[in-house]
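The values are calculated or read from the model by the stated rules, or taken from the named source; none is laboratory data. The structure presented is a predicted model; accordingly, all values stated were derived computationally and were not measured. Neighbour counts are summed over all protein chains in view; Cβ atoms, including those assigned to glycine, are modelled from backbone coordinates with ideal geometry.
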Amino acid sequence: MAKIRSFLAVELPKEIIGKLGGVQDDLKPSGPYVKWVRPESIHLTLKFFGNIEEKIIDNISLVVKGVTSNTNVFNLEVIDIGVFPNMSRPKVIWVGVKFSDGTLDILQKEVGAGLEKIGFEHEGREFNPHLTLGRVKSLKEKRRLVEQIERFEGCELGSFKVEYLSLLKSDLRPTGAVYTKLRTFPLKTVTK
């Protein structure tokens, strides 16, 4: 049976995607040694499944739906910029997400716990929510890149409501990954 590369994510609204693209455009002159993620491909990954058999998608869906149907819609702020692992050896350039009520952490932990029950291993590292802008391929112009990144520290790019999670399929191509939405899992809307 064919396997598909897939992950669970929060997709971003067009307004936020546009602002992230603007930050990338401002950083691009800092050197040619960064492979930038296409803005429309930027997302917040909650769980990367890797290559899985298609028949497992129904089991994953049951777990995720069980969690999202009991989780209220919540807000995320897109804020700040940084690198992994650190400014001395930047490998990944990211923008952070901030949430005040802890819903994102709870959601990610509950989904993870449910997925462990159906055979997916715990990742073994702490959840560190971020939006990847690019991957540094060479440190030849590191100083210039770091100076540009530092200009954006503390930036605020807006906020948005998380109303659903998406199960996405990832097809790797020479031009970058192409994502196809497989399933959508709505969060609970609170009515007043």
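Listed values, structure above:
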read-out: Residues being within 17 Å of the chain's Cα centre (by Cα), part of a loop (DSSP other than H, G, I, E, B) and surrounded by 15 or more Cβ atoms within 10 Å (Cβ to Cβ) - total across the stretch 128-160; value: 1
read-out: Qualifying residue in the stretch 87-102 (condition: part of a loop (DSSP other than H, G, I, E, B) and touching a helix residue (DSSP H, G or I) at 6+ places or on another chain (Cβ under 6 Å)); value: yes
read-out: Residue satisfying condition, being in contact (Cβ under 8 Å) with a residue 12 or more places away in the chain and in contact with a Cys (Cβ under 8 Å, 6 or more places away or on another chain), within set Ile79, Ile60, Ile42; value: Ile79
read-out: Some residue of the stretch 84-93 being buried (at least 19 other Cβ atoms within 10 Å of the Cβ), under 18 Å from Ser166 (Cβ atoms) and within 18 Å of the chain's Cα centre (by Cα); value: no
read-out: Criterion: at pLDDT 95 or above, of a type in the set (Val, Ile, Thr) and within 14 Å of Val10 (Cα to Cα) - qualifying residue of Val111, Val95; value: Val111
read-out: So Lys169, is it out of contact with any Cys (no Cβ under 8 Å at 6 or more places or on another chain), over 20 Å from Ile16 (Cα atoms), in contact (Cβ under 8 Å) with a residue 40 or more places away in the chain and buried (at least 16 other Cβ atoms within 10 Å of the Cβ); value: yes
read-out: Selection count, the stretch 51-71, where residues are surrounded by 13 or more Cβ atoms within 10 Å (Cβ to Cβ) and part of a strand (DSSP E or B); value: 1
read-out: Test set (1) crowded, with 17+ Cβ neighbours inside 10 Å; (2) under 19 Å from Gln148 (Cα atoms); (3) not aromatic (Phe, Trp, Tyr) - Pro32 fails condition number; value: (1)
read-out: Selection within the stretch 161-192 - assigned to a strand (DSSP E or B) and of a type in the set (Gly, Ala, Ser); value: Ser166, Ser170
